[in-house]
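To start, the structure under review is shown below, and the notes come after it.
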Amino acid sequence: MLNVNQLSVHYGMIQAVKEVSFNVQQGEIVSLIGANGAGKTTILRALSGLVKPSQGTISFEAQDITKKQPEKIVASGLVHVPEGRHIFPGMSVMENLELGAFLYRDREESQAILKTVFARFPVLAERKNQDAATLSGGEQQMLAMGRALMSRPKLLLLDEPSMGLAPIFIKEIFSIIQEINRQGTTVLLIEQNAKMALSIANRGYVLETGKVVLEGTGAELLESSEVQKAYLGG
Ligand code: ATP
């Protein structure tokens with residue numbers, strides 16, 4: 001479904017991503033893990049067209065999207081939930097969700113999708129008229145994911161969904177990610193929480209200073225001594 005080949009990204013003189021190749025097959029959860037500054041966010045930004053690669057190609061469903069505009073990429077079904085969630089304060093939960101449905105001009109269709117999002121996140125339905133800025137961190141993460149689901153993604157890119165959340169919310173978010181996946185959405189997840197990210201992943205890649213240094217199934221990586229030493233404190 002997604003093929004990234006020899007991707008490099010520079011910020012001025014700094015090379016944040018160095019000839020990275022990986023793929024995501026339809027139906028999978030794939031996790032990219034790595035320490036701060038490993039280049040994870042930059043890779044997602046390149047996939048969404050928010051930064052231009054200096055080298056390499058990105059193809060999504062057999063189409064070259066390397067030079068496409070971000071709005072075209074979203075419309076093709078690749079949707080990014082950024083780090084920090086980027087919800088809109090001063091707007092209600094409902095208004096935030098409606099912004100995610102901009103691809104659907106048909107009101108009936110967007111109302112039908114809204115129903116499925118509320119069914120998945122009942123807390124958003126309960127709080128639909130509340131200012132989004134007053135939600136807890138975990139609820140804001142659900143809102144950001146709900147907003148992304150409003151555009152019916154084929155591939156969902158999640159940037160550190162567990163960041164800043166209490167353990168109980170982290171568990172809930174990860175089980176929601178698995179449920180979204182079971183219902184047919186492919187997921188590319190980037191995380192510093194390697195244990196959680198690998199335990200739900202079909203496959204994973206480990207990044208260090210902009211390079212892929214290891215790859216395998218989620219279970220293989222969880223058991224590998226390199227991953228245990230570097231990321232799991234073992
Ligand atoms: P984190 O988990 O801390 O977000 P990351 O793995 O997502 O880390 P990136 O945010 O992709 O890493 O950053 C990779 C490298 O690129 C870092 O060295 C970072 O300082 C640098 N970088 C990121 N954004 C910019 C920018 N806009 N301008 C210059 N350098 C940047």
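Matching residues to (1) at positive phi; (2) of a type in the set (D, E, K, R):
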position	(1), (2)
Ser48	no, no
Ala62	yes, no
Lys67	no, yes
Ile73	no, no
Leu78	no, no
Phe88	no, no
Met91	no, no
Asp106	no, yes
Ile113	no, no
Practice item. Taking the residues in region 150-187 that are within 18 Å of Leu103 (Cβ to Cβ) and charged (D, E, K, R) as candidates, determine which candidate is most open to solvent (accessible area, probe 1.4 Å). Key: Arg152
Exercise for review: Could you pull out the residue among Leu207, Leu214, Leu189 that is in contact with a Pro (Cβ under 9 Å, 6 or more places away or on another chain) and assigned to a strand (DSSP E or B)?
Suggested key: Leu189
Exercise for review: Among what's in region 41-55 and is over 14 Å from Gly210 (Cα atoms) and small (Gly, Ala, Ser), pick the residue that is farthest from the ligand (Cβ to nearest atom).
Suggested key: Gly49
Check your understanding: Looking at (1) within 14 Å of the ligand (Cβ to nearest atom); (2) more than 19 Å from the chain's Cα centre (by Cα), can you tell me which one Ala38 breaks?
Key -> (2)
Practice item. Considering (1) within 12 Å of the ligand (Cβ to nearest atom); (2) open to solvent by less than 60 Å² (accessible area, probe 1.4 Å), say which one Pro70 fails and leave the rest. Key: (1)
Exercise for review: Determine which single condition Val4 fails, assuming it passes every other condition in (1) open to solvent by 60 Å² or more (accessible area, probe 1.4 Å); (2) within 16 Å of the ligand (Cβ to nearest atom).
Suggested key: (1)
Exercise for review: Take the residues in region 9-35 that are more than 12 Å from the ligand (Cβ to nearest atom) and over 16 Å from the mean Cα position of the chain (by Cα), then tell me which one is least open to solvent (accessible area, probe 1.4 Å).
Suggested key: Ser21
Check your understanding: Which residue out of Gly49, Gly77 is crowded, with 20+ Cβ neighbours inside 10 Å and small (Gly, Ala, Ser)?
Key -> Gly49
Check your understanding: Limited to region 188-215, what total is found for residues that are under 14 Å from the mean Cα position of the chain (by Cα), more than 14 Å from the ligand (Cβ to nearest atom) and open to solvent by 80 Å² or more (accessible area, probe 1.4 Å)?
Key -> 0
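The values are calculated or read from the model by the stated rules, or taken from the named source; none is laboratory data. For clarity, every value in this text was computed on a predicted model and none was experimentally measured. So basically every Cβ, Gly included, is an ideal-geometry build from the backbone, and we count neighbours across all protein chains shown. Calculation scope for accessible area: heavy atoms of the full protein, side chains included, ligands and nucleic acids excluded. Shrake-Rupley method; radii C 1.70, N 1.55, O 1.52, S 1.80 Å.
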